[in-house]
Amino acid sequence: MIKTVRLEGTTYHDLPWKFEAGTQAIAEVIGLGAAVDYLSELGMDAVRSHERELTEYAYEALSEIEGLTVYGPPPSRRAGVISFSVEGIHPTTWRPSPTATRSACAPATTAPCRS
């Protein structure tokens, strides 16, 4: 951390504060607080109920796709995450959308990954 900044120079803080990361993520903390307030207003029971409905819908829709395998427990015993694979498609070579899982190979695109 820096103690003072002037046109003539900078004064660094004493140890151990000298090595602090700097300004905290203030915007993120404020955003988290707003999210907590919003979810509290909705009620976590309502949020969980909606999550279960969405998970059940997605699980059933994905289960109907030929060549697609859904992994994990049934919707009644899972959180709002669904893992699946598509027969004949390696997970690091196909990017269905920008919101898809990304790998170190390339950003999410519809183009295949080239190593």
*Under 12 Å, Cβ to Cβ, from A58 - net charge with Lys/Arg +1 and Asp/Glu -1*: -3
_Percent of Cα-Cα distances greater than 14 Å, calculated over region 1-42_ = 64
*Surrounding net charge for P75, when Lys and Arg each add one and Asp and Glu each subtract one, Cβ distance under 12 Å*: -1
_Table column - 3J(HN,Hα) (Hz), region 16-24, Karplus curve with 6.51, -1.76, 1.60, x for Gly and Pro_ = x, 5, 4, 9, 5, 5, x, 4, 6
*What is the Cα radius of gyration of region 1-101 over 2.2 N^0.38 Å, N being its residue count?*
1.85
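Read-outs: derived from the displayed coordinates by stated rules, not from any lab. Since this is a predicted model, take the numbers as computed values, not measurements. Backbone-built Cβ (ideal geometry, glycine too); neighbour counts: all protein chains shown.
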